[in-house]
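S.K.: Quick one: the structure is below, questions incoming.
Values in this text are rule-based calculations from the coordinates and carry no lab data. Only a predicted model underlies this, so the values are computations on that prediction, with no experimental measurement involved.
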């Protein structure tokens, strides 16, 4: 994908098709169900969802063979999801979700709820 200046998540999505696009739409819908107060933004030229002035609930982006969901994961997050994330490519801020495997929607839902709870604790 060529570097561009995305202003909205819809603009970002418009550069994709197929499985990657469908998975991003699924994650977007899940965010709105779990955190309806989350504001859609583009941050670092990828989709993100912000709660309040500074807290980014989650980011996501698509690549040729995977999606990444990301945020600066807390130590508590990494410990909570340690077993769930085994076998996945994980860094301190991203989790790769291969396109050739089923989208782990129940895990993503738990991640979103956990991140939202982290925000509530910081208030």
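S.K.: For the range 60-123, what is the per residue volume of the convex hull drawn over the alpha-carbon atoms, in cubic angstrom? Write down the numbers at each step before the final one.
M.R.: On the way: hull volume 5.2 nm³, N = 64.
In the range 60-123, the Cα hull volume divided by residue count equals 82 Å³.
S.K.: Contact order normalised by length for the range 6-67, with contacts defined as Cα pairs under 8 Å and 6 or more residues apart; what percent is it?
M.R.: Working: 69 pairs, mean separation 19.4, N = 62.
Worked out over the range 6-67, it gives 31 percent.
S.K.: List, largest first, the extents of the alpha carbons of the range 9-118 along their principal axes, each in whole Å.
M.R.: 35, 34, 23
S.K.: Which whole-number percent gives the relative contact order of the range 9-118, counting Cα pairs below 8 Å spaced six or more residues apart?
M.R.: Numbers: 130 pairs, mean separation 24.8, N = 110.
Averaging sequence separation for qualifying contacts and normalising by length gives 23 percent for the range 9-118.
S.K.: When the chain is treated as a GNM, springs tying every alpha-carbon pair under 10 Å, which of 44, 59, 12 comes out with the largest mean-square fluctuation?
M.R.: Evaluated over the chain, the most mobile residue of the options is 44.
S.K.: Can you tell me how the range 3-42 classifies by the Cα gyration tensor, rounded, prolate or oblate, using a/c under 1.5 as the rounded cut? Write out the running numbers ahead of the final one.
M.R.: On the way: a/c = 3.89, a/b = 1.29, b/c = 3.02.
It is oblate, given that a/c is not under 1.5 and a/b is not larger than b/c.
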